[in-house]
Structure formats: C-alpha cells, structure tokens
1. Give all pairs with beta carbons closer than 6 Å in which a residue from region 90-119 that is farther than 15 Å from residue 80 by Cα meets a residue that is modelled with pLDDT of 85 or more and hydroxyl-bearing (Ser, Thr, Tyr); count only pairs at least 6 apart in sequence or on separate chains.
2. For region 86-107, give me each residue that is closer than 13 Å to residue 154 by Cβ and among the charged types (D, E, K, R).
3. Scan (1) open to solvent by 30 Å² or more (accessible area, probe 1.4 Å); (2) out of contact with any Gly (no Cβ under 8 Å at 6 or more places or on another chain); (3) modelled with pLDDT of 85 or more for the single condition residue 6 breaks and write down its number.
4. Return the total of residues in region 25-73 being among the small types (Gly, Ala, Ser), open to solvent by 50 Å² or more (accessible area, probe 1.4 Å) and touching a strand residue (DSSP E or B) at 6+ places or on another chain (Cβ under 8 Å).
5. If you go through region 9-20 one residue at a time, do you hit one that is open to solvent by 30 Å² or more (accessible area, probe 1.4 Å), modelled with pLDDT of 75 or more, in contact with a His (Cβ under 9 Å, 6 or more places away or on another chain) and assigned to a loop (DSSP other than H, G, I, E, B)?
6. For residue 35, only one of the following conditions fails: (1) in contact (Cβ under 8 Å) with a residue 60 or more places away in the chain; (2) out of contact with any helix residue (DSSP H, G or I) (no Cβ under 6 Å at 6 or more places or on another chain); (3) over 17 Å from residue 122 (Cβ atoms). What is its number?
Amino acid sequence: VFHSAKVEYYAPSDSCGMGGMHREVIHANPNYGGSCRFDTVFVSVGDEAEAMNGLLVARVWLLFSYFDPYHSKDVPCALVTWFIHPSDNPERDKDTGMWKLQREQDVDGEQPVGPVQVIHLDTILRGAHLLPCYGSGFLPVELKHTDSLDAWDCYFVNHFIDQHAHEL
C-alpha cells in the first residue's frame, strides 16, 4: 500500500522544463497532515473524439500493488470511485464552458463512496481539479475543506487550473 504516486506526462506546449515533461504527485492518504487527502485524477479510458477527450474523472482511495506470478512483476493499481456526467449526452456547461460531473452512485443511490473499481496506475494521466456547483445561500460554518468532494451533488471540471488542463 502506498500513500502517494508520481505521475509524469508529456506536455508539448510547456515552454519550460525538459522537453515538455511535467510531474505531479497523486495522494491517497488517510492521515495527511492531520486530515485525509484523496485526490481526483483524469483517467484515460477511450478515444479522444469522446467527451472530455476520452478521459474520466475518478477519486483515488487507495494506491497499492500486487505480484503477478504469470509475468513475475509487481502491478501498480488504484482503488477509485468515479465522477460521471449527469446525462447520457455529455456537454459543457453553457455559462462556464466547463464539464459538469456528479459522483457515481451504487444501485441504491447510496453515497459518498458508491461503487469502487480497481484500475492500473498507468491509466492515470494527471491530477484533476473539481469545483463545486454552488447553489444559493451560505456555506455551513462547520464545513471543512476536506469535506468538499462529499458535500455537493455536482462539480465542474476546472480546466483553467493550468495550461495543461486547459488543453483537455
């Protein structure tokens, strides 16, 4: 079991750095500085012609590896839950230009965890930044930043966070 993993990806528009390579750290830590930290990531699952360029957004709950005796090597994996498009026809929000997502729920509509899936670590492209779809009114005083991915019903994928995310 690991509490973090480094992700490297090629970003050809990056004018600085070594050949456009960029590195991030993905966290899945139940005790990160006194509170939990379970990052969201972009997972490559399909064709770039699909919604969000063939990427899905997942929340990483556990990073681990197991030994594959048939290939005699360790296989790095992540236990994730998914953020999915609210409709079968995904499209960007008209006002913000951002993709809108919601947490996937199990058959009974239970949250916050919902169904989990194990994915290979090589399918993780980079970290994702989600913004809550705020409603009207004030936020509760007792709300902590660590609760933000569990407190709202829908989220925007923030592609303005940096130039690499803006290309997605």
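1. From region 90-119, the pairs are 101/155.
2. 93, 100, 103, 104, listed by residue number.
3. The single condition residue 6 does not satisfy is (3).
4. We begin by selecting, within region 25-73, every residue among the small types (Gly, Ala, Ser); these are 28, 33-35, 44, 46, 49, 51, 54, 58, 65, 72.
After this cut, where a residue has to be open to solvent by 50 Å² or more (accessible area, probe 1.4 Å) as well, the list is 33-34, 44, 49, 72.
So of that shortlist, the ones also touching a strand residue (DSSP E or B) at 6+ places or on another chain (Cβ under 8 Å) come out as 44.
Matching residues across region 25-73 total 1.
5. no
6. (2)
The values are calculated or read from the model by the stated rules, or taken from the named source; none is laboratory data. From a predicted model like this one, the values you see are computed outputs, not experimental measurements. So basically every Cβ, Gly included, is an ideal-geometry build from the backbone, and we count neighbours across all protein chains shown. To get the accessible areas, we keep the full protein, side chains included, count just its heavy atoms, and leave off ligands, DNA and RNA. Shrake-Rupley method; radii C 1.70, N 1.55, O 1.52, S 1.80 Å.
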